[in-house]
Amino acid sequence: MRLSPRFTPAQDPPRKRWTRSECAVIEAAGLFEQERVELIDGELISKMGKKRPHVHTGSLLFGWLIRVFGDGLVNSEAPIDVAPEDNPTNEPVPDLIVLKCSYSGSWSATPQPKDLDLVVEVADTSLTFDLTVKAALYARAGIVEYWVLDLSGRRLVVHRDPRDGRYQSIVAFSEHESAAPLAAPDSAFRVGDAFPA
């Protein structure tokens, strides 16, 4: 079999790069009603159905965050803004966010990085993506603290001190250790409490 000179197996097919405004039009038309997607670097990423460990871990952490920060400041699966240069082609939807107690945005406004005390992703199959692509996106936005709960590794990876598009401090806490959010330094979270026995 002879391949056409215009296409070789190493070439990727052309991809459509999406913008937030295009996605808003599609969403308004009802085309995303049964889909859970987020826009990352111009690509629509499917937020696949969550397996039971992901749901259980997310629920446990959600409950703890509400006890620490109050129910009005903790949101589940809420879209956020990122850096101005990234906003046109990015609208991430973290598993959990904690708004600053001074947040005064309207109920219809998307929280901006300055409005956030903490962003959390619960990672099962998305671990590499969450630790690389999303970490870089959140660091460029200046999000002060980003947690990744690694289900298979039974650990919490804490990202802090965003500078020059990277987190300068990245520390992994095992299930036998505890970590406290910067916004609540006296409230330690025991990592093992997030994982099923």
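The values are calculated or read from the model by the stated rules, or taken from the named source; none is laboratory data. As the structure is a prediction and not an experimental result, all values here were calculated from the model. Here the Cβ is made from the backbone with ideal geometry for all residues, glycine too, and neighbour counts use every protein chain on show.
Annotations
- All conditions in (1) at pLDDT 95 or above; (2) hydrophobic (A, V, I, L, M, F, W, C); (3) more than 14 Å from the chain's Cα centre (by Cα) hold for residue 147, with the sole exception of (3).
- In the set (1) among the charged types (D, E, K, R); (2) in contact with a strand residue (DSSP E or B) (Cβ under 6 Å, 6 or more places away or on another chain); (3) assigned to a loop (DSSP other than H, G, I, E, B), residue 117 fails one condition alone, (3).
- Filter result (over 25 Å from residue 191 (Cβ atoms) and among the acidic types (Asp, Glu)) within segment 82-124: 85, 86, 91, 115
- Among the residues listed as 171, 158, the single one being over 18 Å from residue 76 (Cα atoms), in contact with a Phe, Trp or Tyr (Cβ under 8 Å, 6 or more places away or on another chain), modelled with pLDDT of 95 or more and outside any loop (DSSP other than H, G, I, E, B): 158
- Among residues of segment 140-168, those that are surrounded by fewer than 21 Cβ atoms within 10 Å (Cβ to Cβ) and closer than 17 Å to residue 89 by Cβ, counted: 2
- From the list 195, 189, the lone residue that is surrounded by 15 or more Cβ atoms within 10 Å (Cβ to Cβ) and at pLDDT below 95 is 195.
- One residue stands out in segment 5-57 among those that are among the basic types (Lys, Arg) and loosely packed, with under 10 Cβ neighbours inside 10 Å: the one that is modelled with the lowest pLDDT, namely 6.
- All told, residue 137 falls short of being outside any helix (DSSP H, G or I) and buried (at least 16 other Cβ atoms within 10 Å of the Cβ).
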